[in-house]
Amino acid sequence: MASIKLSGVHKHYRNNVHALKGVDLDIPPGQFLVILGPSGAGKSTLIRLLNGLETPSEGQVVIDGTELTKRNLRSVRAKVGMVFQQFNLVDRLNVMTNVLSGRLGKRNWFTSSLFLFPRSDLELAHKSLARVGLVEKAWMRADQLSGGQQQRVGIARALAQEPALILADEPVASLDPITSTEIMGLLRDICDEQGISVVANLHQLDYARDYAHRIIGLNNGHIVFDGSPEQLDSDA
Ligand code: ADP
Ligand code: ADP
């Protein structure tokens, strides 16, 4: 369970782009938060700040009471599972190995051969695959699966990290509408059942309305809306 707090966060890139302009945001544990906004609004920047891929130019990012700094990046990042638009699986490896790679943040790369993972990691990977309904595909190559199945593997890999928080950067942008609703439903269920916070970037209003507990509208580096899906409809 993670609580996240951003206070007065600005992000300037080296090319003088001011991508975030004073963002204050409190995310309680177990919330499914969707960030909506046009291209260039700063959504990816916000996600990258939450997993420490970027550091704020000004202001603070605090995860579970610990300010994210260069020094504690590794330990904080170990608690953050990532889900990507293009799934980011290793195509030529099997599904099980891809899921196990979620444990690598906590293990040494040199022990990463499948046979050297501790039994507890294998059990966790198996449980994660079961949660996304793909146990029977465990020994297939990742690139033999459909897009929706690959995204389930991506989610299982995140779960194998035992994350406090899952960050999903455009998780359904490469999927057809039916598969997209399945993936959004799965993320929402995981959030509700396990109390894992989910922060997802989306550009589809419909999925935000149907699956989020809370929606943040981002435009030009500012939060321009913060409320429930119902409030979004009544404001519109
Ligand atoms: P979104 O995800 O909402 O499309 P981004 O966070 O990717 O928005 O981008 C916000 C702004 O910051 C854009 O103007 C973009 O061009 C710029 N930007 C994003 N990443 C970088 C970077 N690594 N270096 C410089 N500018 C960047
Ligand atoms: P998104 O669709 O998620 O906003 P983009 O396609 O805009 O992503 O950007 C892809 C990558 O390019 C990101 O890693 C981002 O950091 C980088 N990037 C985006 N805009 C710029 C920019 N103006 N200068 C340098 N890098 C950028």
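Some values worked out for this structure:
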read-out: Residues located in region 34-49, provided they are buried (at least 23 other Cβ atoms within 10 Å of the Cβ) and either more than 14 Å from ligand 2 (Cβ to nearest atom) or free of Cβ contacts under 8 Å to residues at least 24 places away in the same chain (or both); value: 34
read-out: Helices (runs of 4 or more DSSP H) enclosed by region 123-236 - at least 2 residues per element that are β-branched (Val, Ile, Thr); value: 147-160, 177-194
read-out: Conditions (1) open to solvent by 10 Å² or more (accessible area, probe 1.4 Å); (2) under 18 Å from residue 78 (Cα atoms); (3) away from ligand 2 (no atom under 16 Å from the Cβ); (4) not polar (S, T, N, Q); number of the one not met by residue 169; value: (3)
read-out: Filter pass, residue 14 being over 25 Å from residue 225 (Cα atoms), out of contact with any strand residue (DSSP E or B) (no Cβ under 8 Å at 6 or more places or on another chain), within 12 Å of ligand 1 (Cβ to nearest atom) and at pLDDT below 95; value: yes
read-out: Hey, residue 75 in a helix (DSSP H, G or I) and either under 26 Å from residue 209 (Cβ atoms) or open to solvent by 50 Å² or more (accessible area, probe 1.4 Å) (or both) or not; value: yes
read-out: Test for residue 101: is it within 17 Å of the chain's Cα centre (by Cα), surrounded by fewer than 23 Cβ atoms within 10 Å (Cβ to Cβ) and more than 29 Å from residue 36 (Cα to Cα); value: yes
read-out: Subset of region 78-100 (residues that are part of a helix (DSSP H, G or I) and either more than 23 Å from residue 194 (Cβ to Cβ) or at pLDDT below 90 (or both)); value: 97
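The values are calculated or read from the model by the stated rules, or taken from the named source; none is laboratory data. What you see is a predicted model; the values in this text were computed from it and never measured. FYI the Cβ positions are ideal-geometry reconstructions off the backbone, even for glycines, and counts take in every protein chain you see. Just the protein is used for accessible areas: all its heavy atoms, side chains included, with ligands, DNA and RNA removed. Shrake-Rupley method; radii C 1.70, N 1.55, O 1.52, S 1.80 Å.
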